[in-house]
Amino acid sequence: MLEQIQAELVDRLLRHIDDGTTDIAHETVEWSIDAYRDADIHQRELDTIFRHSPVIVAHVGQLQSPGDYVADDVYGIPYLVVRQASGEIRGFVNLCRHRGTRLADVGSRKAVAEGFTCPWHGWRYGLSGDLCGIPDQQRGFPDIDTENRGLLPLYTEVRHGFVWLTPESVGTRTVADHLGPLDHEFAAVGMENYTFYEQSRAATRFNWKLGIEAFLETYHFRWLHPAMKKYVFAPDLSLVDRLGDHVRLVAPKKSVLDNRALQQQDRRIREHATIAYVIFPSTVLFLEKRHITVMSMRPAGPESCDVHFLHIVEEDTLGRRAYWDDNIGKFMEAAAEDFGVLELAQDGMGRAGRMLIPGYETVLFGRNEHGLRFFRDSVDAALQARIET
């Protein structure tokens, strides 16, 4: 994060502390619960927002040598990102072009024999995605054009140490264009110099927007995460800024007061807060003192999503395994607490096949929850923009 921005954020926090205030909106706002359960809205979001938005799928530390790959699913699309012999990282649909079987199992590892072989009929593909072998081709597929039967490519880009993938390549912006003002902030962090630590995933039973909204306010800290009072200065104090389509939330820790003794230009926020960047549409990057967690909410249905976690740490601290296990473990415990109440909230909104509760048609965003409104405004604007074009 840029030093000038850090100093400005510290000054805002200190003023809030002196005044007993926090960032707030001018008014409360209500939102229809249809957005959390309606199948048509869900499909529109997939087709108009997620299809054209880059998502983090790996860190370069997972793909250090030619043949190293990461395979998983995003929005129902099986993908494969693999390091080429040239050093480039390319992405493909992880399906054989014969009968559509998944080639590589979910996970990260090295390709066998510098390529991928279909487990069903043995079709072989090189690291470049080219089709390079068909068993019994002369009898079974004499007329096939192998040059046009390689793996389907997916738009893939490396930026800020992460591998980003976009389902639709036509009309897709670069990652820098998508990030907008966040691009410079991320560049100052130097995430490409971090080391991959671990990754995990969780299947959840709540709408993806409900999940993102949980990380756009600290109002719930006092009640849901009582353990945080040990190191968070004030659960009801936060800074929230809309940066293009994205949102930045700063949750200060007690040590932020140490900045009072420093000159304004020397004040820093990184060591004294958790900084959560909501990268539109559904990724949250948590910037901590010496480690970073990326949480990606990948919609699996109107009332469910797969949550993917990726943790990276400063390279010089990698040997402190017990330390990182404890820190990351605490984060994951808090996330599990969030997910538990989110599923309860989704139950309350009504699931498919259940009767709606009369009088419960909206949710309420408070003045101290205006990060949620920033986010929902970006979602609605993106849906409307696609309709107009």
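Values quoted throughout were computed directly from the atomic coordinates according to the rules given, and no laboratory measurement underlies them. Predicted, not measured: the structure shown is a model, and the values here were computed from it. Backbone-built Cβ (ideal geometry, glycine too); neighbour counts: all protein chains shown.
One table, with the values for the structure above:
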quantity: For S238, residues with placed amide H under 5 Å, excluding near neighbours; calculated: D23
quantity: Under 28 Å between alpha carbons - lysine pairs in the chain that sit 8 or more apart or on different chains; calculated: 17
quantity: Dipole in debye (nearest 20) - the chain, about Cα centre, beta carbon charges: Lys, Arg +1; Asp, Glu -1; calculated: 700 debye
quantity: Residue-averaged 222 nm ellipticity for the chain, from DSSP H runs of 4+ at -39500 (n - 2.57), nearest 500; calculated: -8000 deg cm²/dmol
quantity: Rounded to whole Hz, the Karplus (6.51, -1.76, 1.60) HN-Hα couplings of the stretch 129-140, x for glycine and proline; calculated: x, 5, 6, 10, x, 10, x, 6, 5, 4, 8, x
quantity: Descending Cα extents along the principal axes, the stretch 339-389, whole Å; calculated: 36, 30, 24
quantity: Inter-label distance, nm, simple model (7 Å from Cα along the C-beta direction), R320/W120; calculated: 4.9 nm
quantity: Derived scalar couplings ³J(HN,Hα) [the stretch 97-110; Karplus, 6.51 cos²θ - 1.76 cosθ + 1.60; whole Hz; x for Gly, Pro]; calculated: 7, 8, 10, x, 7, 5, 7, 10, 5, 4, x, 10, 6, 9
quantity: Sites E271 and H26 - FRET efficiency at Förster radius 35 Å, r taken between beta-carbons, to 0.05; calculated: 0.60
quantity: Size descriptor, Kirkwood hydrodynamic radius, that averages inverse alpha-carbon separations across the stretch 55-166, Å; calculated: 14.2 Å
quantity: Hull volume in cubic angstrom per residue (convex hull over the Cα atoms of the stretch 110-157); calculated: 89 Å³
quantity: Of S304, Y277, L249, farthest towards positive along the dipole that unit charges on Lys, Arg, Asp, Glu beta carbons give the chain; calculated: S304
quantity: Protection proxy ranking of 154-162, 52-60 - average other beta-carbon atoms within 10 Å, highest first; calculated: 52-60, 154-162
quantity: Scaled radius of gyration (Cα, divided by 2.2 N^0.38 Å) that the stretch 167-295 gives; calculated: 1.16
quantity: Rg/Rh ratio calculated on Cα atoms of the chain (Kirkwood radius); calculated: 1.00
quantity: Distant-in-sequence amide H partners of T274 (H built 1.01 Å from N, under 5 Å); calculated: A251, K253
quantity: Cβ-defined net charge surrounding I357, 13 Å radius [Lys, Arg +1; Asp, Glu -1]; calculated: +1
quantity: Alpha-carbon gyration tensor eigenvalues x 5, square-rooted, for the stretch 254-389, Å; calculated: 34, 21, 17
quantity: Helical segments meeting 15 Å axial Cα length and Kyte-Doolittle -1.0 threshold in the chain (DSSP H); calculated: 3-19, 321-349, 370-388
